[in-house]
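The values are calculated or read from the model by the stated rules, or taken from the named source; none is laboratory data. Just so we're clear, the structure is a prediction, and the values are computed from it rather than from any experiment. All Cβ positions, glycine included, derive from the backbone under ideal geometry; neighbour counts span all protein chains shown.
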Amino acid sequence: MSADRYEFAVALAKKAGELGVSYFRRLETLTVTSKGHQDMVSEADRDVETLVRDELAKVFPDDGILGEEHGRIAGTSGYTWVIDPIDGTANFVAGIPQWCVIIACVYQGETVIGVIHDPVAGETFHALRGKGAFLGDRPISVSDSDSLSRGSLGVGFNGRTKPADVVECVSQLLAAGGVFFRNASGGLMLAYTAAGRLIGYIEPHMNAWDCLAGLLMIEEAGGKVEPFDVDKSLDVGTRIVCGGPGIYDAAKTIADSSFS
C-alpha cells in the first residue's frame with residue numbers, strides 16, 4: 001500500500017540525508033568526477049543512492065527502482081521508486097548548503113509519494129497523493145500571489161537548455177515586474193514552491209528524479225502543474241511549469257514564448 005511506503009520513504013530520506021551530510025562535512029576528502037559545472041558526480045551521490053536502493057530492496061523487493069546514478073531496475077509490484085540521492089551536486093561539492101535528497105514513488109502512471117529532505121536545514125517536505133503536502137508535521141500551501149510582480153519565480157536551466165531561452169525567459173519576467181530565483185537545486189525550488197516561498201517554477205526540461213516528488217507536493221499544496229505523462233517522463237523527463245493558481249497562466253505564457 002502507498003501509505004506504508006510513504007512512512008518508510010520519509011524515514012529513508014532522513015537516513016540518506018545523514019549519510020550525505022557526513023560527506024558534506026568532509027568535502028576535502030571527496031572524490032568528484034566532473035564533465036562541467038552542471039554535470040558532475042561524487043562518491044557521495046553514488047553511496048547515498050546505494051543506501052537508498054539497498055533499503056528499498058530489503059523492504060519492498062518487488063518494487064522497481066530508477067535512480068540518477070545507477071539506472072533502472074524493473075519490478076513486478078507496479079510501484080517504481082525514483083531517486084535523486086543528492087540534487088544540487090554542484091552546490092554540494094562547493095560547500096554551499098543548498099542540496100537535498102529526493103525520493104518519489106510512481107504507481108499506475110501517477111506519482112503517489114514525494115519526499116524532499118534538506119538535511120543541512122533540517123527540513124523534510126513530503127506528500128502522499130490525496131492527503132496533502134507537509135513540511136515536517138505542518139501542512140503547507142502554495143503562494144496566493146496573483147501577479148508575477150508579487151513574489152519570486154524560480155527559473156531553472158541545465159546543460160540541455162539553450163542559453164537564449166533562459167535569457168528570453170528572464171527578460172520577460174523582469175519586464176513583467178518579476179524577480180527570478182535560482183539556487184541550483186531544482187528539487188528544493190519545487191519544494192519551496194509547494195511551501196509558498198516561491199510563487200512558481202519553470203524549467204525547459206527536468207529529469208524525473210529531479211521533479212516528480214516536488215510536482216506532487218505542489219499539486220497537494222493546492223498549486224497547478226502543467227500536465228505531463230509520468231511514465232514517459234521516467235525515460236525522457238519533461239518540461240516544468242507550476243505554481244500558485246494566481247500566477248500559473250502568466251508563468252506558462254513566459255515558458256511558451258521562451259522555451260523552444
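Are any of the residues in the stretch 249-258 more than 12 Å from residue 154 (Cβ to Cβ), under 16 Å from the mean Cα position of the chain (by Cα) and of a type in the set (S, T, N, Q)?
The answer is no, given that none of the residues of the stretch 249-258 is more than 12 Å from residue 154 (Cβ to Cβ), under 16 Å from the mean Cα position of the chain (by Cα) and of a type in the set (S, T, N, Q).
Among residues belonging to the stretch 224-247 that are within 21 Å of residue 177 (Cβ to Cβ) and surrounded by 21 or more Cβ atoms within 10 Å (Cβ to Cβ), point out the one that is farthest from the chain's Cα centre (by Cα).
247
Looking at this structure, is residue 65 in a strand (DSSP E or B) and within 15 Å of the chain's Cα centre (by Cα)?
The answer is no for residue 65.
I'm told residue 57 meets every condition in (1) touching a residue at least 12 places away in the same chain (Cβ under 8 Å); (2) surrounded by 14 or more Cβ atoms within 10 Å (Cβ to Cβ) except one. Can you identify the failing condition by its number?
Unmet condition: (1).
Take the residues of the stretch 215-255 that are within 17 Å of residue 160 (Cα to Cα) and out of contact with any strand residue (DSSP E or B) (no Cβ under 8 Å at 6 or more places or on another chain): which is modelled with the highest pLDDT?
233
Please count how many residues of the stretch 119-139 are in contact with a strand residue (DSSP E or B) (Cβ under 8 Å, 6 or more places away or on another chain) and surrounded by fewer than 24 Cβ atoms within 10 Å (Cβ to Cβ).
So the count comes out to 10.
A quick yes/no check of all residues on (1) free of Cβ contacts under 8 Å to residues at least 60 places away in the same chain; (2) aliphatic (A, V, I, L, M); (3) part of a loop (DSSP other than H, G, I, E, B):
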site	(1), (2), (3)
102	no, yes, no
116	no, yes, no
124	no, no, no
127	no, yes, no
131	no, no, yes
142	no, yes, yes
